[in-house]
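Here the structure is laid out as structure tokens; the discussion comes afterwards.
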Amino acid sequence: MITTVDDLGAVLQAHGILAVSVALFLKRMGIPVPGLPFLLLVGAQGARDGRFALMALAAATLASMLADTAWFFAGRRYGRRMLGLVCRISISPGTCIRRSEVSFERRGALTVLLAKFIPGVAGLAPPLAGALGMRPSSFAMLNLSGTVLWTGGGMALGLLFHRQVAQLIGWLQEMGRAALPFLVGALALYVGWLILRRMLIARAAGKAPRIHRDLLSAMIERGDPVVVVDVRGLPATPDARIPGAVQAPPGSDAFEALSALASGAELVTYCDCPDDATAAHAALKLRQRGLPVRVLAGGFSGWVDAGLPTESAANTQQPR
């Protein structure tokens, strides 16, 4: 049983490769485990043992690749539904989906290579790449390169600052039994901050008024003056849309042109993020312009689950 930092140091020295592999696998699966400290520790230890450093790099890369590959094929099998699951598991705000979509819009497949260095994108890149239909061979090559850069970079920092890491471990050892509660408390604060951040974002998103899918469906059937706005990212959206929806993700020219469509009509934004985060964010921006706008509760996935009609992406309107 680990009761002191000395015990923890002994465990890391004897099982450092296993420890970093498990930590990075859990992190890549979405569990809020800070991976950088483990990379720094094995990197610092690698300063004294080059063979250990190579083995740790290979093991950490393999563990990350296994988790990323699992998410990739889950996204390939279940599509964008997996994105909300990743956000919920990782205690990340729903807007991380939009951030990942923007990254794919700007960088394309290179997003997979750079994802681990982009906050809010790292966890979403594998399932989003799968949902977009990226070839497994392309994903494997880009993800392997990016993973080696990421894990190698973390270990290189530990190698470069191995003296400082050793001093930190020595300081913790001087604390004795008080050190372990200190580390546990720091981890608890880290997770607590993630949860608080998620709650604050969800609270802000909750201020946007909602509309139930059945009511929106009835309004569309009656021909009421309503403009349905699809705020999902352009290349990341699936083939289906709500009938008559206009494509206008936040930040696009189409989004800025929505004011011209709202004359005498109500706007309804929708996405498929957890807590309708992107749609709520877009709605709040439009309400600041004085436009009447509500958010489709449950988003596009809720619309589909209710068996309501959809149309092909080829029929999706663009605001003029």
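The values are calculated or read from the model by the stated rules, or taken from the named source; none is laboratory data. Quick caveat: nothing in here was measured; it's all calculated off a predicted structure. All Cβ positions, even for glycine, are placed from backbone atoms using ideal geometry, and neighbour counts span all protein chains on display.
Overview of results
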| item | result |
| --- | --- |
| Qualifying residue in the range 231-239 (condition: under 30 Å from residue 311 (Cβ atoms) and at pLDDT 75 or above) | yes |
| Residues of the range 258-294 satisfying the condition of being over 18 Å from residue 226 (Cβ atoms) and among the polar types (S, T, N, Q) | 278, 288 |
| Residue ID - modelled with the lowest pLDDT, chosen from residues in the range 245-260 that are in contact with a strand residue (DSSP E or B) (Cβ under 6 Å, 6 or more places away or on another chain) and in a loop (DSSP other than H, G, I, E, B) | 248 |
| Any chance residue 269 is of a type in the set (Ser, Thr, Tyr), surrounded by 20 or more Cβ atoms within 10 Å (Cβ to Cβ), at pLDDT below 80 and not assigned by TED's automatic domain parsing to the domain that holds residue 75 | no |
| From the options 70, 47, residue that is surrounded by fewer than 24 Cβ atoms within 10 Å (Cβ to Cβ), under 30 Å from residue 301 (Cα atoms) and modelled with pLDDT of 75 or more | 70 |
| Residue match in the range 201-223 (condition: among the acidic types (Asp, Glu), modelled with pLDDT of 90 or more and surrounded by fewer than 20 Cβ atoms within 10 Å (Cβ to Cβ)) | yes |
| Neighbours by Cβ (under 7 Å, 6+ apart or cross-chain): first from the range 61-74, under 15 Å from residue 23 (Cβ atoms) and assigned by TED's automatic domain parsing to the domain that holds residue 25; second surrounded by fewer than 20 Cβ atoms within 10 Å (Cβ to Cβ) and not β-branched (Val, Ile, Thr) | 65/144; 67/29 |
| Test: residue in the range 268-280 that is out of contact with any strand residue (DSSP E or B) (no Cβ under 6 Å at 6 or more places or on another chain) and β-branched (Val, Ile, Thr) | yes |
| Pairs where the first residue, in the range 28-43, is in the same structural domain as residue 143 (by TED's automatic domain parsing) and the second is crowded, with 18+ Cβ neighbours inside 10 Å and basic (Lys, Arg), C-beta under 8 Å, 6+ apart | 33/27; 34/27; 35/27 |
| Spans of helices (runs of 4 or more DSSP H) in the range 105-199 with at least 1 residues loosely packed, with under 15 Cβ neighbours inside 10 Å, touching a helix residue (DSSP H, G or I) at 6+ places or on another chain (Cβ under 6 Å) and at pLDDT below 80 | 162-175 |
